[in-house]
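Structure record follows, encoded as C-alpha cells.
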Amino acid sequence: MTVPVFEEYEPAADCGCPGCARRRRTASALPVRHGGHPAAHGARRALVLVTAAGVVLSCGAGQAAATAAGRDARGGTVTDPQPVTPQGPVGPLGNGGSSGPPSAPDTASRTTTRTEIINRAKKWVTAKVPYDMAAYWSDGYRQDCSGFVSMAWDLGSNEWTGSLATFGTKIARADLEPGDILLFHNLADPAVGSHVTVFGGWTDHTHSHYLAYEQTRPNARKATTPMAYWSNSSKYVAYRYKGIVSGASGSGSATTAFPGAGKFGPGADNAHVTRLGQLLIAQGGKRFYKEGAGPRWSDADKRATQAFQLAQGWKGKEADGIPGPGTWSLLLKGTGHRIPAAGSGGTTGGAVAYPGKSFFRPGQSNSHVEQLGDRLVKKGYGTHYVTGPGPRWTEADRRNVQAFQRAQGWSGSAADGYPGPETWRRLFA
C-alpha cells in the first residue's frame, strides 16, 4: 500500500461533495486574521489526507489528476486548468517580505513600459515566488494573483481584483498586447473564481491561446493558456494600464501637476511635450505620430491634442490643440474619452456624448433610450427585454443598466439602474 501523503487543500467553490462542503462551512466560521486567512488552532490551512486509492476531496479525481499533471508544466506548456487563487485585500506594500504592511499606500501616478511589466513578471516566475495571500515578497507585494499584477504594473499599493480595473482602460481582446491583463472579478462572491493574469503574447495565429504570467499555486508561473482562461472564460475582461508609455524605460512616479501652457506650442522643446505625446498615443492618437512622441512640438502634437479635446465634446478655445489643465488631468488619469478611430465619426469613439440623466426616467420616450438599449444588448446586458429595446424608458431598461453597473463592481446609488456619465462612457467605449 502506498504511503499516504498530506497536501494543502482549498475546497473548490462549485463542488458539491461532502468534503468540500464541510470544509467551506468550517472555513467560513473561523476568525480571519491579517491578510485574509482563517486561523484554526494556529494552522494556516487545513491538511487533508489524500490516500493512494484516489479519494480526493475536491471536484473529482479527473480534475485532481489534471491539476497534479499541470503543476510540472512550465514556460509554454498547457497547464493546471483551474488553479485555486484566493486573494488578500487592498493595502499598502509590505515591509521587505514581512507578514504585515506597515505604511500607507503610495498613490502617486506611475508610468511604465510593456517591457518593464513583462520583466517584472518574469522576475517572480524565475524566483518561483510561492503563492501565499498572507505573505509579502521582498519587493513588498502580496504573493497572490492581484498582488502579482500590482507588482507587474508597478503600482504603489497591493490591489485586489475588485480595484485593479480602476488603474486600467478596458480594451477588446483582439487588441491585447504584452503587459495588458485579463481580469475576472466575481461580483457575487469575490472569493470564488476571481483571478487575473498578465498577457504575455499570442502563442498561435488563431489567437485561441496566449502566454499567461500569473501567481497561482504552488508558485508564480508562465504557461500557455486558452483565451481567456480555463474557467469562467467569457467573464474575463481585458484591461490596459493607464500608465503605459513607449520607450525603453518608464518614469517612475510621474508629476501630476500641469506644467503650464507655456511648455507647449510652436517652438517648445522639452520632456513635457514627449510626455504629452506618449499619453495621447495611449489614448488612441497613434495615427497622428509617424515616428512616435518626441520633445519638439509638432503639428502631430497639436492635431492629436485637438482630437482628444474634441472627443470630450469640447469646442472653440477648449479644443484649440494646446493642452490646458483639464486636458492634462484627463490624460494622466486615463479617465477621458479615447480618441476615436479615423473615419469613425462622433466625439466618443463613434457614439454621441452623454445626453444627460433627464432622458432616462419613467415616462421618457426618446432616441437616447433606444440607443442605450441597443448598446446594452450588444454588450450582453439585454436579458430583461421581452420585446425591446425601444424609445420608451421601461423597468427592463433600468434593470439591464443596473446589471451592467453591478458588473463594474459598483453598488448602492452607483448601481441604481439609471445611466450617468461614467455608465454611458463605459457602455460606448
* **Under Karplus coefficients 6.51, -1.76 and 1.60, residue-wise ³J(HN,Hα) of the stretch 372-377 in Hz, glycine/proline x** => 4, x, 4, 5, 4, 4
* Subtracting the Cα-Cα distance from 0.36 nm times the residue separation, let me have the gained length for Thr383 to Asn366 in nm, one decimal. => 4.0 nm
* Asked: Protein chains only, probe 1.4 Å: how do Asp132, Asp269 rank by accessible area, largest first?
  -> Asp269, Asp132
* **Exposure of His207 as accessible area (Å², to 10), given a probe of 1.4 Å and all protein chains** => 80
* **Pairwise label distance in nanometres, Ala271 with Thr126, each label 7 Å out on the Cα-Cβ vector** => 2.7
* For the stretch 181-322, what % of the accessible area comes from carbon and sulfur atoms, probe 1.4 Å? -> 53
* **Only Lys, Arg (+1) and Asp, Glu (-1) charged, at Cβ; the stretch 353-405 dipole about Cα centre in debye** => 120
* Asked: Taking 0.36 nm per intervening residue step and subtracting the Cα-Cα distance, what contour gain separates Asn119 from His207 on full extension?
  -> 29.4 nm
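The values are calculated or read from the model by the stated rules, or taken from the named source; none is laboratory data. Just so you know, these numbers come straight off a predicted model, no measurement behind them. Cβ: placed from backbone, ideal geometry, glycine included. Neighbour counts: every protein chain shown. Just so you know, the surface numbers come from the protein's heavy atoms only, side chains and all, with ligands and any DNA or RNA stripped out. Shrake-Rupley method; radii C 1.70, N 1.55, O 1.52, S 1.80 Å.
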